[in-house]
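Visitor: My questions will all concern the structure given below.
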Amino acid sequence: MTELINSLAQGVLIGGLYALFAAGLSLVFGIMRVVNLAHGDLIVTGSFMTFATVSMLGLPLWLAVLIVLPMMGLLGYVLQRGLLNHTIGTDVLPPLLVTFGISIILQNGLLQIFTADNRKLDFGAIEVMSLQMGPVAMGWYAILVFAVAVATIYGLQFLSYRTRLGRVLRATTDDPEVARVMGVRTDHVFGIAMAIALVICGIAAILFAAWTSFTPLSGPSRLLIAFEVVVIGGIGSIWGTLAGGITLGVAQALGGYLDPAWQTLAGHIVFVIILALRPAGILGGRR
Amino acid sequence: MTALLETRNLDAFYGDFQALYGVDVKLEEGQCVALIGPNGAGKTTLLRSLVGWVPVARETVLLNGQPIGGMGPDKIVSLGIASVPEGRRLFPSLTVDENLLMGTESGRAGPWTLDKVMEVFPALRDRRRHRGSDLSGGQQQMVAIGRALMSNPKVVLFDELSLGLAPTIVNDIARALPLMRDNGISIVLVEQDVRRALAMSDYAYCILEGRINLQGVSADLAFEDIEKAFFGAEA
Ligand SMILES: Nc1ncnc2c1ncn2[C@@H]1O[C@H](COP(=O)(O)OP(=O)(O)OP(=O)(O)O)[C@@H](O)[C@H]1O
Ligand SMILES: [Mg+2]
C-alpha cells in the first residue's frame, strides 16, 4: 500500500514536468496552428545547453539558468521569424515538413557535438533528500520540479489573462487576420509566442536534465509525451496541460507499480481512452 | 485639392479572378460616403483593398495624396484607417473591454477611451466583462465600432452596418455616426439597405461587377436610377 501511494505521489509530481513539456507545444499550436515536430528535440537541445554550461564550462547552475533560458527564447524568436513564419499559410504540410527537418538537424547536430553518450546533470544533495510524511516519502527534487512547473503554468496563465501581451496573443489566436487590421504585427507576435514556448521548454529541459539521463535522440519521446498531455488536458487550455500532465504521470506510475514494463504503455492506453471518450480533453472547452 | 482617401484606377484580384476594375472613389475630409451594390459586386473587396487586406498596386490607393496601396493592414491602421469588418468579427475569447482595447494596438494617440465608448453605447456598460461571443448581434456591432474608434482613426470603414439586425437596434447603432463626424472622423459605409445608405451619406457610389456604374450626391440620387444601376442598365 505504501508503495502504491509512493508511486502515485511520484506520478503526480512528474506530471508537473510533463505539463511543462506540453505547455509550449500547446501555445504554439493554439496561436500558429503549427504542430512543432521539433518540440522534443528543442527540449533536448536545452538540456544539452545546460549540460555544456554546467558540466563542461563548470559554471554554477543559477548562471546556467540565466544563460540557457534567454538563449532558448532568442532561438525561438529567430527560428520563427527567420524560418517558420515563411511556412505558415492555408496549407498544413509545409510547417510539418520544416519542423520535421529541424528535428533531424538538431538530432544530428547534437550527435556531432556531444556524441551518443548518456548524459545526466548532477544537482547534488537535493536529488537524494526526501520528505517523509508518515509512510509516504517524496523526493525533494521531485517536489521542487512540481513547484516550478505549477509556478510556470501560473505565470503563463497570468501573462495570458492579465497583460497586454497576453491579450494580443489571445486575439491573434482567435483571428490573426483581424488582429492585423487592429495594428498587431502578427509576424512579431508569432516570434514572441515561439520565444515564450522555448523558454518554457528551457525550464523543462533544465529540470529534466537532472531527472533522468538523456541522449541526442531523446527528443521524439519528449514530443510524444507533450503531444499526449496536450490532447489529454484539452487543446488551448493552460491549466489543462497541468491536468493532462498529472493524468499521464499517474497513469504511468500505476502501470509501473503493477509491472515496471507497463509504465509507458499505461500512459499510452490512458491517452487513447481519453481521446476516445473526451476528444476535447479533460478541461477542453473551458479556459 | 487632394482628397482624404481616394482610389485611382484600382484593380483587385483573388488569385486569377479580378474582382475590381479601374475603380475611382473619393472620400473628402468630414464626409460620409456610401458604397451600394448587389451581392458579389465588390463592395467588401474595395474596403479590403483600402486596409491592405487584398494586395493592390501602391499608387492605386492614396491617403492625403500619399500612396499606401498594398501596405500591410497593421501599417495602414496606424495611419488612421480603421475598419468594422463584415460579420463584425469580434475576438470570441476576449471580453468586451479586451476587444475594445485591441483598438489601441494601432498606437495612435487621441481622445477615445473605454469610458467614452461606453458613453456612445450605454448598452455595453453591464457587458464589459462578458465574452464577445456572449453578446447579441447588435451589441457585437457596437463593440466592433467601439474597437475601431479606440484606434483613434481619421477614417472608419463600415461593412454591412445593419446586416441581420432589427431596425430599432440599427437606429441605436446609427446614432454613433453623427457623433463620429462631430469628432472629425470621415466614414465609408457599405450598406444593403439603399434608402438608409442614402439617408446617412453625403455621396454615394453604386458598384456592379467590380465597376462603378453610378455615383452622385446622395440627396440627388433617384431611387429608380439606382435600381437600374443594380441591374446593369446604364444610368
Ligand atoms: N476570398 C475570396 N476569394 C475568391 N473570390 C472572392 C473572395 N472574396 C470575394 N470573392 C469574389 O469577389 C467578388 C466580389 O466579392 P465581394 O465580397 O467584394 O462582394 P460584396 O459586394 O461585398 O458582396 P456582398 O454584398 O455579398 O457582401 C465576388 O464575385 C466574390 O465571389
Ligand atoms: Mg460584402
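Visitor: Rounding to the nearest 20 debye, state how big the charge dipole of chain A is about its Cα centre with +1 on each Lys and Arg Cβ and -1 on each Asp and Glu Cβ.
Guide: With only Lys, Arg, Asp and Glu charged at Cβ, the dipole is about 760 debye.
Visitor: Looking at B:A166, B:T45, B:A204, which one has the Cα that reaches farthest to the positive end of the dipole of the range B:5-230 (charges on Cβ: Lys, Arg +1; Asp, Glu -1)?
Guide: The listed residue farthest towards the positive side: B:A166.
Visitor: Taking every Cα atom in chain B, find the radius of gyration and the maximum pairwise distance Dmax, and write them in Å.
Guide: So, for chain B, Rg and Dmax equal 17.1, 52 Å respectively.
Visitor: Could you tell me the ratio Rg/Rh of the range A:165-287? Both radii from Cα atoms, Rh via Kirkwood.
Guide: 1.06
Visitor: What is the Cα centroid distance between the range A:174-228 and the range B:111-136, reported in whole angstrom?
Guide: Going from one Cα centre to the other spans 35 Å.
Visitor: Amide H neighbours of B:G52 under 5 Å, counting only residues 5+ apart in sequence or on other chains, H built in-plane at 1.01 Å?
Guide: Result for B:G52 returns B:G70.
Visitor: Ok, one more. Do any trypsin sites (Lys or Arg not before Pro) in the range B:106-195 lie in a DSSP loop with no more than 12 other beta carbon atoms within 10 Å, and if so, which?
Guide: Passing both the DSSP loop test and the Cβ count: B:R129, B:R175.
Visitor: Mind checking B:85-93 for the average number of partner chain beta-carbons within 10 Å of each residue's beta-carbon?
Guide: For peptide B:85-93, the averaged partner shielding equals 4.
Visitor: What residues have an amide H closer than 5 Å to that of B:E191, excluding those fewer than 5 places away on the same chain, when H is modeled at 1.01 Å from N in the peptide plane?
Guide: Here the answer is B:L35, B:E160, since their amide H atoms fall under 5 Å of that of B:E191.
Visitor: Count the net charge of all other residues whose Cβ sits under 14 Å from the Cβ of A:V44, scoring Lys and Arg as +1 and Asp and Glu as -1.
Guide: +1
Visitor: Here is a follow-up. Charges only on Cβ, +1 for Lys and Arg, -1 for Asp and Glu: so what's the dipole of the protein assembly as shown about the Cα centre, in debye to the nearest 20?
Guide: Its charge dipole is roughly 1060 debye.
Visitor: If you don't mind, another one. Roughly how many Å² is the accessible area per residue of the range A:81-188, as a whole number, for a 1.4 Å probe?
Guide: Accessible area per residue, the range A:81-188: 55 Å².
Visitor: Next question. On the full set of protein chains, 1.4 Å probe, figure out the accessible area of B:V170 and give it in Å² to the nearest 10.
Guide: Approximately 10 Å² for this residue.
Visitor: Take each uninterrupted DSSP H stretch in chain A, measure its Cα extent along the helix axis, and return the ones at 27 Å or beyond whose mean Kyte-Doolittle hydropathy is at least 1.0.
Guide: Counting only whole DSSP H runs, the qualifying helices are A:2-32, A:61-82, A:93-114, A:140-162, A:186-209, A:238-258.
Visitor: Give me a comma-separated list of calculated 3J(HN,Hα) values for the range B:121-129, in order, Karplus coefficients 6.51, -1.76, 1.60 applied at θ = phi - 60°, integers in Hz, x for any Gly or Pro.
Guide: 10, x, 4, 8, 3, 8, 10, 4, 9
Visitor: Which whole DSSP H helices in chain B pass both tests: a Cα extent of 15 Å or more along the axis and a mean Kyte-Doolittle value no lower than -0.5?
Guide: Membrane-span-like by this rule: B:137-149.
Visitor: A further question on this structure: I'd like the chymotrypsin sites (Phe, Trp or Tyr not before Pro) in the range B:172-235 restricted to DSSP loop residues with at most 16 other Cβ atoms within 10 Å, sorted by number.
Guide: B:F231
Visitor: Same structure again: Can you give the accessible area buried between chains B and A, summed over both chains, with a 1.4 Å probe, in Å² to the nearest 100?
Guide: Rounded to the nearest hundred, the buried surface is 1900 Å².
Visitor: Percent antiparallel among DSSP beta bridges with both residues in the range B:5-230, to the nearest 5?
Guide: The antiparallel proportion sits near 55 percent.
Visitor: How many Lys pairs in chain B lie less than 19 angstrom apart by Cα atoms, where the lysines are 8 or more positions apart or on different chains?
Guide: 5
Visitor: As I understand it, the dipole of the protein assembly as shown uses +1 on the Cβ of Lys and Arg and -1 on the Cβ of Asp and Glu, about the Cα centre. Which of B:L35, A:V68, B:V56 lies farthest toward its positive end?
Guide: A:V68
Visitor: Using only alpha carbon pairs under 8 Å that are at least six residues apart, calculate the relative contact order of the range A:20-217 and give it in whole percent.
Guide: The normalised contact order for the range A:20-217 reaches 45 percent.
The values are calculated or read from the model by the stated rules, or taken from the named source; none is laboratory data. What you see is a predicted model, and the numbers here were worked out from it, not measured in a lab. Cβ: placed from backbone, ideal geometry, glycine included. Neighbour counts: every protein chain shown. Please note that ligands, DNA and RNA were not included when accessible areas were found on the heavy atoms of the full protein model with its side chains. Shrake-Rupley method; radii C 1.70, N 1.55, O 1.52, S 1.80 Å.
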